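Novice: Please read through the structure below; I'll follow up with questions.
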Amino acid sequence: FCRSVCSAILAKCLIINDLRLILVILFFIVFLNITYSSRHTFATLLVMDGVSIYKIQKFLGHKSVGMTERYLNDLKMAQVNMEQIDTFG
């Protein structure tokens, strides 16, 4: 092989690896967003069905009820904000 052929092959490999890295990063970001949204939807549906906070704590894997209460408070605040946007929008 001459140097130009080796350089071209190396350049192609590097480009392919960079594209692969970009795709993996994008997939990871999408995966995190899907799991985050799914968790919020799951918790919201449980609250709407009247499931006790202790069961929700177990389902979400929180170590304390306090953490679940903060999580549910965040959900409530997000719902209030969305309702305000709908009202004024």
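Novice: Assuming residue 51 fulfils every condition listed in (1) farther than 20 Å from residue 68 by Cα; (2) open to solvent by less than 70 Å² (accessible area, probe 1.4 Å) apart from one, which condition is it?
Specialist: Of the numbered conditions (1) farther than 20 Å from residue 68 by Cα; (2) open to solvent by less than 70 Å² (accessible area, probe 1.4 Å), the odd one out for residue 51 is (1).
Novice: Any idea which of (1) in a helix (DSSP H, G or I); (2) modelled with pLDDT of 90 or more is the one residue 63 doesn't satisfy?
Specialist: Only one criterion in (1) in a helix (DSSP H, G or I); (2) modelled with pLDDT of 90 or more is unmet by residue 63, namely (1).
The values are calculated or read from the model by the stated rules, or taken from the named source; none is laboratory data. Since the structure is predicted, the reported quantities are computational estimates derived from the model, not experimental observations. Each accessible area value is taken on the protein alone, full model and side chains, heavy atoms only, with ligands, DNA and RNA left out. Shrake-Rupley method; radii C 1.70, N 1.55, O 1.52, S 1.80 Å.
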